[in-house]
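The values are calculated or read from the model by the stated rules, or taken from the named source; none is laboratory data. On a predicted model such as this, the values are computed, not experimentally measured, just so you know. When we count neighbours, we look across all protein chains shown, and the Cβ atoms used for this are built from the backbone with ideal geometry, even at glycine.
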């Protein structure tokens, strides 16, 4: 029963994607309904998997002697991320019913979304390194296809290509690590390796650890690869919500959290993760402060919050990082879907042309503010508890100056969140066109998310049990009740953090009086608008990959004679290896 | 030595089949090559296969070629190759040398005596799967043949 | 002259395969390419029979060779049908006319 459920969690979205695609684009109503039905089924299967997480159900698909078994394990971490992917994913699908109304090629859209959700479930549920790599690449492919969904828009295509290439570069690191694991231990299964990292000699372990760090940083848009995520904003907004909250970027955090017990003794690794997270969190927060594109602000805030998760992992706070991921998934999905409702009705993403929308869309304003408060870390919303946990972890196990930097980041977060809310919903209206309120399916998706943003922190105790020692013995997560979390959070450092956040708010209220300061910081703002020059690095990577591909095109002549020449050259190499290779 | 003579003949026919400009002549050289290979197979001790090769390879396939060349036309060919000839020769020579190097220890032995064999029995009993496969293949061939013929008719109507 | 029969057979195999491969490299006419494939397959036939003779298992070798002959005939039929089709569509029997890749 449980094993079937596990496989169903992956299979349902994939089958649904196939069916939606086969239905054809002439039956759009049917397509909407099928997509929603399968997404909800998948969400149900994911939630139904929770009770089985402590019993360690294992599904083995024997696949011959070369790759070992394809193993799927429903442990706490995997089940948690599956639930996030399927539930948030199904809400994004429901939201799409209104958002994608009247669009062409819905079959491609829904098929890719469902394929994406299934692949993410597979990625977090398998314990076979090769399968992890496969699912990893499938998610990259789906994100590319969905970011470039409007494939007649050159900006969307460029954004998709950029996301694909950057995450592929990271995928090389993952592949290197996976192959090393196989070469040294002779098995693709990583659970034994995590339980006993001594299986790998130190030098190989180091290469693997940093390869995985590169892979995770590229996937989760961390420094220095952070620029693909804002460019991915050309996607339809439910896709942005899916990528930011449910599927894509969580994969990198998952990878780091999963392998933390194995890599924590590699010299320099935790420091590297810590610094990557810290630099990203601060830099992305500053970039969010100067951006005028609503979706870009949210994208930078995702990058920044993912930086917090990396920071927590670097400081050894696996529970804090995963709890923040949990909260972040909920409030970021809420923010994105709310932003989608705004963009859908206003028709622009430029916040300078919005303003005063609160009166016309009261519900959207309410939920967006809830999400924004959670992002800023205001008590008692879920973002407050998890962000404080992250900061506590940093204070306990990381150098104090990194904690101070993260505190400043939290202040900036509050500042840009309020700037964003103000520019969209308050102030003077800048366009006098009529704005219609969000559609019913949009509201259906928004309300549960707003409710969860208010209450999901109450689950902190059961969340700790979900990730507890009986399912993740190597991670050593000991939190088992809400009381412990509250006790840990309600302390002096939290007060300091709240003061910093309040200062961030105050900076927005008194922005008029701080003109001198903001003028002084204008240079920083300029640099931030250019992504501090890292945009150039990322663009260089993309350009280099594309020109290399262009150069390699000379080898694809399409001429039969040259193809046969290649075959014979291959034959000669094989023969030479056979004869002279010993 | 008959064998050396036949070998020379086979290779000569093959080279001529490649070198000739006219396709029809090329097909005739191929038939000659096929017949000589059949003879060689007979001398190697495989009379059944030799007969089949003679009838199918030298007979049926040649007919097919002549038929197709009739439909497709036998005009003079552009002879300028895509890959320069010396390069092609060099690659082939290297590959042949390497294969020969691997092959030599295996073939440089005296011929063992011809074992007793009952081809028919083995064919129908031990290798019945092969026979099934052959049936499927012949079916596919018949289909392809139909395609060839249908196109011929269409062309006959169109002009 | 004292070359054993297997060596001669080996030379036949190498020669037929080599000539066929050379033709695949150098020839642009589709029907000629099918002829080259036929020549290579004849080399393979000889190789099967030679292997059977050296291993003392002539029966298996012959039944394999039978499958090869049939398959090869079908390849010739399909190939020729394709060649005729291509002649009809492009007006040529030239392989370089087939590519649609930008060069």
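When you look at residue A:97, is it in contact with a helix residue (DSSP H, G or I) (Cβ under 6 Å, 6 or more places away or on another chain), crowded, with 17+ Cβ neighbours inside 10 Å, assigned to a helix (DSSP H, G or I) and at pLDDT below 85, yes or no?
Working: in contact with a helix residue (DSSP H, G or I) (Cβ under 6 Å, 6 or more places away or on another chain): yes; crowded, with 17+ Cβ neighbours inside 10 Å: yes; assigned to a helix (DSSP H, G or I): yes; at pLDDT below 85: yes.
Yes, satisfied.
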**Q.** Residue in region C:2-13 that is part of a helix (DSSP H, G or I), within 14 Å of chain A (Cβ to nearest Cβ) and under 14 Å from the mean Cα position of the chain (by Cα) present
**A.** no
(Q) I need every pair where a residue in region B:121-133 that is farther than 10 Å from residue C:63 by Cα and more than 8 Å from chain C (Cβ to nearest Cβ) has its Cβ under 7 Å from the Cβ of a residue that is modelled with pLDDT of 75 or more and part of a loop (DSSP other than H, G, I, E, B), sequence separation at least 6 or different chains. (A) none
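Any residue in region A:183-191 that is more than 28 Å from residue A:45 (Cβ to Cβ) and either touching a strand residue (DSSP E or B) at 6+ places or on another chain (Cβ under 7 Å) or touching a residue at least 24 places away in the same chain (Cβ under 8 Å) (or both)? Explain how you work it out, then say what you get.
Step one: filter region A:183-191 for residues more than 28 Å from residue A:45 (Cβ to Cβ), giving A:183-187.
Next, from what is left, pick out any that are either touching a strand residue (DSSP E or B) at 6+ places or on another chain (Cβ under 7 Å) or touching a residue at least 24 places away in the same chain (Cβ under 8 Å) (or both): A:187.
Looking through region A:183-191, at least one residue is more than 28 Å from residue A:45 (Cβ to Cβ) and either touching a strand residue (DSSP E or B) at 6+ places or on another chain (Cβ under 7 Å) or touching a residue at least 24 places away in the same chain (Cβ under 8 Å) (or both).
Restricting the search to region B:28-38, which residues are more than 7 Å from chain C (Cβ to nearest Cβ) and either over 19 Å from residue C:7 (Cα atoms) or surrounded by fewer than 17 Cβ atoms within 10 Å (Cβ to Cβ) (or both)? First the steps, then the outcome.
Filtering region B:28-38 for residues more than 7 Å from chain C (Cβ to nearest Cβ) gives B:28-29, B:31-32, B:35-36, B:38.
Within region B:28-38, B:28, B:29, B:31, B:32, B:35 qualify.
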Q.
Looking at region C:45-55, can you tell me whether even one residue there is more than 8 Å from chain B (Cβ to nearest Cβ), in contact (Cβ under 8 Å) with a residue 40 or more places away in the chain, touching a helix residue (DSSP H, G or I) at 6+ places or on another chain (Cβ under 9 Å) and surrounded by fewer than 19 Cβ atoms within 10 Å (Cβ to Cβ)?
A. no
Q | The lone exception for residue C:92 - which of (1) assigned to a helix (DSSP H, G or I); (2) more than 7 Å from every other protein chain (Cβ to nearest Cβ); (3) surrounded by fewer than 23 Cβ atoms within 10 Å (Cβ to Cβ) it fails | A | (1)
Q: Mind counting the residues in region A:357-381 that are buried (at least 17 other Cβ atoms within 10 Å of the Cβ) and within 25 Å of the chain's Cα centre (by Cα)?
A: 15
Q | Test: residue in region C:25-35 that is more than 7 Å from chain B (Cβ to nearest Cβ), under 13 Å from the mean Cα position of the chain (by Cα) and closer than 18 Å to residue C:96 by Cα | A | yes
Q) Can you pull out the residues in region A:344-356 that are crowded, with 19+ Cβ neighbours inside 10 Å and not in a loop (DSSP other than H, G, I, E, B)? A) A:344, A:345, A:346, A:351
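Kindly evaluate residue B:23 against the criterion of being under 16 Å from the mean Cα position of the chain (by Cα), within 7 Å of another protein chain (Cβ to nearest Cβ) and touching a residue at least 40 places away in the same chain (Cβ under 8 Å).
Here the answer is yes, as residue B:23 does meet what is asked.
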Q. Modelled with pLDDT under 90, within 9 Å of chain C (Cβ to nearest Cβ) and loosely packed, with under 14 Cβ neighbours inside 10 Å - does that describe any residue in region B:61-68?
A. no
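Quick check, is residue A:521 surrounded by 12 or more Cβ atoms within 10 Å (Cβ to Cβ), closer than 21 Å to residue A:376 by Cβ and at pLDDT below 70?
Working: surrounded by 12 or more Cβ atoms within 10 Å (Cβ to Cβ): yes; closer than 21 Å to residue A:376 by Cβ: yes; at pLDDT below 70: yes.
Spelling it out, residue A:521 is indeed surrounded by 12 or more Cβ atoms within 10 Å (Cβ to Cβ), closer than 21 Å to residue A:376 by Cβ and at pLDDT below 70.
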Q: Output the qualifying pairs, or none if there are none: Cβ atoms under 9 angstrom, residues six or more apart or on different chains, first residue in region B:101-114 and facing chain C (nearest Cβ under 7 Å) and closer than 26 Å to residue A:577 by Cα, second residue at pLDDT 80 or above and part of a loop (DSSP other than H, G, I, E, B).
A: B:107/C:4; B:108/C:4; B:109/C:4
Q) Given (1) facing another protein chain (nearest Cβ under 7 Å); (2) crowded, with 22+ Cβ neighbours inside 10 Å; (3) at pLDDT below 90; (4) more than 30 Å from residue B:110 (Cα to Cα), where does residue C:99 come up short, assuming only one miss? A) (2)
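Out of region B:1-20, which residues are at the interface with chain C (Cβ under 7 Å from one of its Cβ atoms) and outside any helix (DSSP H, G or I)?
B:1
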Q.
Given the criteria within 23 Å of the chain's Cα centre (by Cα), modelled with pLDDT of 75 or more and crowded, with 18+ Cβ neighbours inside 10 Å, does residue B:71 qualify?
A. yes
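This table checks each residue for (1) within 14 Å of chain C (Cβ to nearest Cβ); (2) within 16 Å of residue C:18 (Cα to Cα).
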| site | (1), (2) |
| --- | --- |
| A:542 | no, no |
| A:548 | no, no |
| A:556 | yes, no |
| A:559 | yes, no |
| A:564 | yes, yes |
| A:578 | no, no |
Q: Please enumerate the residues belonging to region A:199-224 that are at pLDDT 80 or above and in a loop (DSSP other than H, G, I, E, B).
A: A:201, A:220, A:221, A:222
Q: Return yes when residue C:65 is without any contact (Cβ under 8 Å) to a residue 24 or more places away in the chain, crowded, with 21+ Cβ neighbours inside 10 Å, over 18 Å from residue B:65 (Cβ atoms) and in contact with a helix residue (DSSP H, G or I) (Cβ under 9 Å, 6 or more places away or on another chain) and no when it is not.
A: yes
